[in-house]
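The values are calculated or read from the model by the stated rules, or taken from the named source; none is laboratory data. Because the structure is predicted, anything quoted here is derived from the model rather than measured. Virtual Cβ from ideal backbone geometry, glycine too; neighbours counted across all protein chains shown. Only protein heavy atoms, including side chains, enter the accessible area calculation; ligands, DNA and RNA are left aside. Shrake-Rupley method; radii C 1.70, N 1.55, O 1.52, S 1.80 Å.
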Amino acid sequence: MKYKLTSTNYLLVLVSCLLIFAACTRAEPPFQGKPIDAANEAYFQFELKTALSLFLEVLNNEHADTQDRTKAGRRFARATFLVHQDIARAREILSVAHSLGDEKTLTSLVLSWIEREAGNYELARAAAMQAANEAETEIERQNADTAYATAVLDEAANQILFGSKSDLNHDELNKAHILIGGVLDAQRGSADPSATALAIAIIVGDGQKALEAWQSYFHVHEGTELNSVLAKPGRILESAFSIWDNSNATADENTELFLALADSRMYRPAALLAMTAINFESEANAEILEILAYEGFLTDLLAETHAYYRRTAQDLADKSNYQKTINGLAETLWSKMFWSNDMPPFSRDGFAVEISSRFGADMEFKHVNGFFGLHYGHRVADESFSVDQYGESALIRFVSLDLMISNGYNSWFWDGRAQVGGWADKGLIVQVRSSYSDGGIEAWKTVSDPKTRRDVEKKIEAYSASDIAAAREDPFAYLPGLARKIELSSYDRIVDGLRKQGLSGPKLRLAFIGEIERIELESSIIAHEGRHAIDAQSFANKMRNGTKKEYRAKLSEVAFSSMPWLAIGGGILLPNIGDGSAHGDANLRIMKGIVNWINAHRSDIEKLDNDLPLLPQLDKLSDEQLRSVFRSMDPMHSQ
């Protein structure tokens, strides 16, 4: 679900929903009137005291649903620790939630996260082990293993970077390496297991696993054409990691790996390599020293920013003092940068230019929804596309930011359940990768996990009759059964095509995720945003309202997609049809155009039932017929 945020053209993404295309998701509204929904709504409205009070009410209500009570306990614990760092209170509440007996694994995982964030690594591992013992599904067990391995990693990283390497627990590291390796095999493409596996593989000296983890993180599979940011480091890492062994690697080989990791924006893994490699020489290499200084700056920047956000949540924030602190960190890094000539005077604007060119970083302070915060991430894609549609063309630039230090106060406060997804301005489209990278993973779960697939198929069957009834009453209505049917069919087609290429297992999973992302880029960025850029060149289009602009962009999104069914399912067949918003009214206009086209081409559509409403039979069209529908509605095509 994405909403425009104020006048800054930000996109809010509720990450609990399936996110594939740049429109709204098909999820039901998040707040349905239950007590826990009221608590959630208060939290999403930044009403912390009210939300905490309501969560406690639900937890202590013996007549409430047990699942809601445990969920309320978990959310209270995370929030009170996130904002107040009150670990004793968080533990107390989690103990109550755990005693209720429902979703024990999830509760233990929250406890593991809190203990890890507090630096209590032994307790974090113990809670993760408890979660593994309580796991009822393989996914729960894998998540518990990831939590355990991450706790081991964080402790080891602190010892390596800020303490003493002699304190490393190699038995725990090897155990974590095995556990996270198993998770990586099962969850290829998932960000958190991939990042953890990469760092641990570097510490224990396993080059092949490090390569697999890096490729998993960036969704690199056989045949992937890496973008201009990742292509060079990707080639180096594939060649070097495949034969790398810490016990006999030379200083030059380790330096090459270090620089390639840094070029792919993996600064923490690069630092871990520098500090654990047996043969590594940094003292005489200005570039290496600069990168290590930058990693230290990122660590301090994260800590200071989170401290400021905690003060903001408690109405104690001092914006000027925070900015002064960050300026001090920036000046310190400035003094450690390598300058071919005399070091120029420090300025914040100059600093932003330097970290952009040297480290691929984008740094900007902004107010979003009234809250001041830092948006700081690293470019892992930066591509320009020439978009050609119906004889007209425009140039757009697409930037994907990842490895975020901060995505604003809003994203921090929402604690992983929502975040700013990106922004756009004058031909520049910026995407926060973490907001979208799970879309392909959720899609894979839909087609590959038997329980999830059964649930989806049951919903399709259950909705089939109500879809027809709804279409009889309103020929242009949102039809949830049709939307899910089209989505599942599209996923199946992608999987079948990849299987015909001989792919299976983790390679199939990763290739599927990559294909979902390719289609998303093709449809929602190049075609949709490209149409906006083309139309922006016309004075007449500047005078059009938002509905007309979105209508034209949505027509291009489907007409120029190699998988038009996935494009229409992700961006148009949504509950917002006709809701008065620009996107919703554009979708309604498209529904009317679809019904009119089908009515005019009844004899051309195979197996069309003339006794049934037309819109529920949309999926009987061929790919080319669907594209023809959208071309026929486009005034630019008919010119």
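In region 419-437 there is at least one residue that is assigned to a helix (DSSP H, G or I), under 11 Å from the mean Cα position of the chain (by Cα) and modelled with pLDDT of 90 or more. Residues in region 325-345 that are in a loop (DSSP other than H, G, I, E, B) and open to solvent by less than 60 Å² (accessible area, probe 1.4 Å) were compared, and the one that is nearest to residue 267 (Cα to Cα) is 337. Reported count of residues in region 179-194, each being free of Cβ contacts under 8 Å to residues at least 40 places away in the same chain and closer than 19 Å to residue 273 by Cα, is 3. Restricting attention to region 123-139 and to residues that are at pLDDT below 95 and of a type in the set (D, E, K, R), the residue that is nearest to residue 187 (Cα to Cα) turns out to be 138.
With the condition kept exactly as written, say whether any residue in region 420-428 is surrounded by fewer than 23 Cβ atoms within 10 Å (Cβ to Cβ), of a type in the set (A, V, I, L, M, F, W, C), touching an Asp or Glu at 6+ places or on another chain (Cβ under 6 Å) and under 24 Å from residue 513 (Cα atoms). The answer is no, given that none of the residues of region 420-428 is surrounded by fewer than 23 Cβ atoms within 10 Å (Cβ to Cβ), of a type in the set (A, V, I, L, M, F, W, C), touching an Asp or Glu at 6+ places or on another chain (Cβ under 6 Å) and under 24 Å from residue 513 (Cα atoms). Note on region 353-391: residues that are more than 29 Å from residue 557 (Cβ to Cβ) and open to solvent by 10 Å² or more (accessible area, probe 1.4 Å) amount to 11. Of the residues making up region 278-324, those that are of a type outside the set (Val, Ile, Thr), open to solvent by 60 Å² or more (accessible area, probe 1.4 Å) and in a loop (DSSP other than H, G, I, E, B) are 279, 281, 283, 284, 314, 315, 316, 318.
Residue count for region 259-273 under the criterion of being buried (at least 22 other Cβ atoms within 10 Å of the Cβ) and over 10 Å from residue 378 (Cα atoms): the result is 9. Scanning region 574-604 for residues that are among the aliphatic types (A, V, I, L, M) and either part of a helix (DSSP H, G or I) or open to solvent by 10 Å² or more (accessible area, probe 1.4 Å) (or both) turns up 577, 582, 586, 588, 590, 591, 594, 595, 598, 600.
The helices (runs of 4 or more DSSP H) found entirely in region 81-134 that carry 1 or more residues being aromatic (Phe, Trp, Tyr) and out of contact with any Lys or Arg (no Cβ under 6 Å at 6 or more places or on another chain) are 104-117, 121-134.
Inside region 368-390, residues that are under 22 Å from the mean Cα position of the chain (by Cα) and without any contact (Cβ under 8 Å) to a residue 60 or more places away in the chain make up a count of 3. Is region 184-192 home to any residue that is buried (at least 22 other Cβ atoms within 10 Å of the Cβ) and either touching a strand residue (DSSP E or B) at 6+ places or on another chain (Cβ under 9 Å) or within 21 Å of residue 292 (Cα to Cα) (or both)? Checked against the condition, which is being buried (at least 22 other Cβ atoms within 10 Å of the Cβ) and either touching a strand residue (DSSP E or B) at 6+ places or on another chain (Cβ under 9 Å) or within 21 Å of residue 292 (Cα to Cα) (or both), region 184-192 yields no hits at all.
Condition first: open to solvent by 60 Å² or more (accessible area, probe 1.4 Å), outside any loop (DSSP other than H, G, I, E, B) and under 17 Å from residue 309 (Cβ atoms). Now tell me which residues in region 40-77 satisfy that. If the condition is that a residue be open to solvent by 60 Å² or more (accessible area, probe 1.4 Å), outside any loop (DSSP other than H, G, I, E, B) and under 17 Å from residue 309 (Cβ atoms), then 49 is the only one that fits.
Per-residue answers, yes or no, for (1) free of Cβ contacts under 8 Å to residues at least 12 places away in the same chain; (2) farther than 21 Å from residue 166 by Cα:
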residue	(1), (2)
227	no, yes
231	yes, yes
248	yes, no
253	no, yes
264	no, yes
289	no, yes
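Scanning region 392-405 finds no residues that are assigned to a helix (DSSP H, G or I), touching a His at 6+ places or on another chain (Cβ under 9 Å) and buried (at least 22 other Cβ atoms within 10 Å of the Cβ). Exactly one residue out of 111, 52 is free of Cβ contacts under 8 Å to residues at least 60 places away in the same chain and within 19 Å of residue 135 (Cβ to Cβ), and it is 111.
Each residue in region 253-285 was checked for being modelled with pLDDT of 90 or more, of a type in the set (Asp, Glu) and over 24 Å from residue 400 (Cβ atoms), and 2 pass.
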